[in-house]
Each structure stands twice: as C-alpha cells, then as structure tokens.
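Derivation of every value follows stated rules applied to the coordinates shown; laboratory data play no part. Every value quoted in this text rests on a predicted model; they were computed, and no experiment measured them. Positions of Cβ are generated from backbone atoms using ideal geometry, with glycine treated the same way; all protein chains shown enter the neighbour counts.
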Amino acid sequence: MITLSLGLINVNKYLMHSSRFPYAVPLVLIHMAVCSCVAVVMRLLAPSLFPSLTDATQRIMIDRDFIFKGLLPIAFFFSGSLVLTNMAYAKLSLAFLQMLKETNIIWTYLLSLAFGLEVLKLTSIKIIIVALIAMSLTIQGEMNFVLAGLFIQVSAILCEAVRVVLQALLLSGKKLDPLSYVLCVSPICGMLLGLVACGLQLLPADYAPDGMTMPSTAEVKIWAPWLLASSLIAFCLNVSIAALIKHSGPMTYLMCQLLKDLLAVFIGIVVLQEVVTGLQAIGFTMLLSCIFLWSMSKTFPGAFEPGLTSGLSFLLSVDGPLRKGQKAGEGAAAPGEKKAKQAV
C-alpha cells in the first residue's frame, strides 16, 4: 500500500509538469475509465470479491435513490478532490502539498460536527487547535509559496472531507465492501468528468484555467504508457487498501499511513531536491502527532475521556498498545473499559 501510494503520487507529480501532461481533468478521467474497466472484469471473473453485489445475504439494493442521493454526490466531490489535487502538483512542491494534506482531520471533523456525525469534545478541540497552529507553521515556512496553489490544495482537501462525510452517511448501517464501492463510484466519476471534458472542449483555450485545458491526440498517444501505468497503480492502490484494512487492525493501517506521509516528504527533499525549512519540519511533526493522537482518541475513547494527558499515559503504560504492540481494539483495554469489565 505504501509503495503504490508513493508511486501514484510521484507519477502524477511527474506527469503534471508543464512540459509533459499538465491536464488534470483528462488524467483523472483516464484513471476512472481504467478503474471501471478493471473492476468490471474482476466482477465477471471473481464475483465472490464483490459480496455487496453478488451475495444474497449481503446484497445492497442499488436503486435510483441510492445512485442519485448517495453515489452521485460522493462521486462529484471525489472527482473534484482528485482533479484539484493534480492541479496543485503543478503549483507547489510535493513535500509542502503532503504537509497540507495532513490537515484533512480539521475539515473532516468540522463537517462531521455540522452533519451530526461527531460530538463536540474538549479533547478533539485541543487537537484541532494544535493542528491549525501546525498548518500555519508549514505555510509560513514555505519558501516557494504560491497562493493559487494553496487555494487549489485547500479546496481539494475540503472536497475530500465532504466526500468522507457523505460516504459515512451513505454507508451508515450498510455493508458495502471496498471493491463494490469502487465499481459503483468509478463509472459515475468517469461520466461526470466526461461532461466536464466536453465542456472544456467548447471553451476557448485562453479562458480555461491552468490544468483544465484539454490535450491533443498526439499528446495522449505520447504519454499513453505513463497514463495507463498511473491508472493501474490507482486501481491496485484501492485494492491494497481494502486488503490491508481487512487483514490487519486500524493501528497497523494508521502506522502505514504515517510512514507513507513521512516517506513522501523524504522523497520530495532527497530525490526531488525540494527545500523544507526548519519551521515546516516542526509544523509537519506537530501535524503527524495530531493525527496519531486523533486516531488513538477514536480507538480508545475511554482512555482519552478525562483528557489528553490521561490518554497519553494509557498509550505509554505497560499495558498500553504502544508498549505491547497490539492491534487497536485487541487485548489492551482503556481504563474506563477495564472498570466496566471488573464491574460485570
């Protein structure tokens, strides 16, 4: 999962250079088309991998309301997130963009509060405040700052946050497996992006924003191997994420994500020779710490209920998950959970 994720980030960053294939909408459109085709082939060859669509005991009714009220809004914001993310690659450094992506917990939490999916808690507010401070440090420390790139990336993060919240609302009480989800959402994303591409064809090139223009047929042919490779990596990444979540606990997935983020910034600094200031390093470290504490507070709510200090004490204790190397939710119980078990 880490290898595929880093591969996709760097391949897309390479393609979005102004001298190569700086066309965000066609790039994501090709991704969705290939993902849809591969998912359909897998559905035909191995239907057991799609229990939500094939298993009589787990099947979900894919009706008109489910598509237009559930899948369509998710596909809209998912497409927007992907397009804007690729547009940002042409404006800002890879390391800085990866740091900005870590702020998604802020926007997802605020939207979750608005939709009633989260409860306002002092511990969560403290983590969000620290994350906002960390974000300001990473922005202030950026030496090659482009305001347009910041707006594009923040818009992409907001689209992703809305998608996550809408997906949580849609799948609440439903068991839509990851591959079925990809099979349902990818074609809708492709159709939406196809409409946008048709609209861009009619729009004069001088009026189209950077990254929203359309490539020539010759450019598509030249970069076809790269586009196909990028699309296949994107699909394999979705499958690997599903497999990782299925065969390991949330703690393992969290650690893999944090390692991926660290490696992405490392590649930007060492391989791409991007400059990261000391202020940005401090801000990025604070952001990673906020994400870790946020995930732990969701995994062990009883330990973090009294406050952050209590939660940290639990994590670092002899029976805590960090010291014993246990999966989240297995073996080690939070203080509140121990008391409840003893009472029983």
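Table for the structure above
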| item | result |
| --- | --- |
| Stretch gain in nm, segment residue 121-residue 262, where the contour uses 0.36 nm per residue and the Cα spacing is subtracted | 47.9 nm |
| Compactness of region 2-328, expressed as Rg and Dmax over alpha-carbon positions, Å | 20.5, 65 |
| Neighbour-count order for 44, 263, fewest beta carbons within 10 angstrom listed first | 44, 263 |
| Relative exposure of 85, 299, judged by other C-beta atoms within 10 Å (fewest first) | 299, 85 |
| Modelled FRET efficiency - R0 56 Å, residue 316 with residue 216, Cβ distances, 0.05 increments | 0.45 |
| Fully extended contour minus Cα-Cα distance, from residue 37 to residue 229, at 0.36 nm per residue | 67.7 nm |
| Length-normalised contact order of region 2-328 in % [C-alpha pairs under 8 Å, at least 6 apart] | 33 percent |
| Proxy reagent accessibility, fewest Cβ within 10 Å first, across 21, 304, 66 | 66, 21, 304 |
